[in-house]
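Every number in this text was worked out from the coordinates using simple rules, so none of it is lab data. The structure displayed is predicted, hence computed values, not measured ones. With ideal geometry, Cβ positions are generated from the backbone for all residues, glycine too; neighbour counts draw on all protein chains shown.
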Amino acid sequence: DAKTTQPPSMDCAEGRAANLPCNHSTISGNEYVYWYRQIHSQGPQYIIHGLKNNETNEMASLIITEDRKSSTLILPHATLRDTAVYYCIVRVRHNQGGKLIFGQGTELSVKP
Amino acid sequence: NAGVTQTPKFRILKIGQSMTLQCTQDMNHNYMYWYRQDPGMGLKLIYYSVGAGITDKGEVPNGYNVSRSTTEDFPLRLELAAPSQTSVYFCASSYGQESGANVLTFGAGSRLTVL
């Protein structure tokens, strides 16, 4: 099962881009990279996912390296409400479906 | 759609008591999951289900039981509560496509304290 490595914490100034890195060097060819975030005491919230190509939606952009061993989540204009723990997850393969195993995540603090 | 609904939101148990955390979803999702989150830690998968009548263990199943008699409901049972089970419990669901993305929708959580 592919595992992920993220920095435990990061700071970002309000209005600036937040770039959250994730290493997943043992990822398999057909495993997706997912990003979720958890605002204090709430249930995790899905942000974005990707397989090989870079992806963008209304919340964020996901940049995956060509060798797929790492990725970066980009919040283009961070706000105070983006302060949360961000989880990078690689979908675990299973004979009956892909359960998601969460790591420790990165605690992002957006400061005024 | 209500999404994923968990009850109760808060509960205090005495050691040795039993209880069931309820989880229901109205999105016709096939897959359902139970996670626990201890203070300051990430989420740990307890059990999951890929459809009615099918359940499987996750990372930390000891002390818990689940059942999946319908697509909508996935209750989590604690038989003999222990202080180590003090945690916040999250239920989640997804379409669970094997060949595609598996995006989870989470409930708001159930905070359990065992004294």
**OP:** Considering (1) outside any loop (DSSP other than H, G, I, E, B); (2) under 28 Å from A:GLU107 (Cβ atoms), say which one B:VAL60 fails and leave the rest.
**Re:** (1)
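Output the residue which, of all residues in the range B:86-115 that are in contact (Cβ under 8 Å) with a residue 12 or more places away in the chain and aliphatic (A, V, I, L, M), is surrounded by the most Cβ atoms within 10 Å (Cβ to Cβ).
Going through the range B:86-115, the residues in contact (Cβ under 8 Å) with a residue 12 or more places away in the chain turn out to be B:86-96, B:102, B:104-115.
Okay, now just the ones that are also aliphatic (A, V, I, L, M), so B:88, B:92, B:104, B:108, B:112, B:114-115.
Numbers: B:VAL88: 18, B:ALA92: 27, B:LEU104: 25, B:ALA108: 17, B:LEU112: 20, B:VAL114: 19, B:LEU115: 10.
Ranking the qualifying residues of the range B:86-115, first place goes to B:ALA92.
I'd like the residue in the range B:62-85 that is of a type in the set (A, V, I, L, M, F, W, C) and within 20 Å of B:GLY16 (Cβ to Cβ) and, out of all such residues, is surrounded by the fewest Cβ atoms within 10 Å (Cβ to Cβ). Full working, then the answer.
Keep residues of the range B:62-85 that are of a type in the set (A, V, I, L, M, F, W, C), which gives B:66, B:74, B:76, B:78, B:80-82.
From what's left, within 20 Å of B:GLY16 (Cβ to Cβ): B:76, B:78, B:80-82.
Values: B:LEU76: 21, B:LEU78: 20, B:LEU80: 10, B:ALA81: 22, B:ALA82: 12.
Among those that are of a type in the set (A, V, I, L, M, F, W, C) and within 20 Å of B:GLY16 (Cβ to Cβ), it is B:LEU80.
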Original post:
Any idea how many residues of the range A:13-58 are away from chain B (no Cβ under 13 Å) and within 15 Å of A:GLY105 (Cβ to Cβ)?
Top reply: 6
Original post:
Of all residues in the range A:28-70, which are in a strand (DSSP E or B) and among the aliphatic types (A, V, I, L, M)?
Top reply: A:VAL33, A:ILE47, A:ILE48, A:LEU62, A:ILE63, A:ILE64
Original post:
Does any residue in the range B:1-12 that is surrounded by 12 or more Cβ atoms within 10 Å (Cβ to Cβ) come within less than 9 Å, Cβ to Cβ, of a residue that is in a strand (DSSP E or B) and aromatic (Phe, Trp, Tyr) six or more places away or on a different chain, and which pairs are these?
Top reply: B:GLY3/B:PHE106; B:VAL4/B:PHE90; B:VAL4/B:PHE106; B:GLN6/B:TYR89; B:GLN6/B:PHE90
Original post:
Do you know which of the residues in the range B:34-53 that are in a strand (DSSP E or B) and facing chain A (nearest Cβ under 7 Å) is farthest from B:PHE74 (Cα to Cα)?
Top reply: B:LEU43
**OP:** Would you be able to say whether some residue in the range B:67-79 is in contact with a Phe, Trp or Tyr (Cβ under 9 Å, 6 or more places away or on another chain) and free of Cβ contacts under 8 Å to residues at least 40 places away in the same chain?
**Re:** yes
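Any idea which residue in the range B:39-57 is nearest to the chain's Cα centre (by Cα), counting only those that are over 19 Å from B:TYR95 (Cβ atoms) and surrounded by 14 or more Cβ atoms within 10 Å (Cβ to Cβ)?
Of the range B:39-57, the ones over 19 Å from B:TYR95 (Cβ atoms) are B:39-44, B:46, B:57.
If we keep only those that are surrounded by 14 or more Cβ atoms within 10 Å (Cβ to Cβ) too, we end up with B:42-44, B:46.
Working: B:GLY42: 15, B:LEU43: 11, B:LYS44: 10, B:ILE46: 7 Å.
Out of the qualifying residues, it is B:ILE46.
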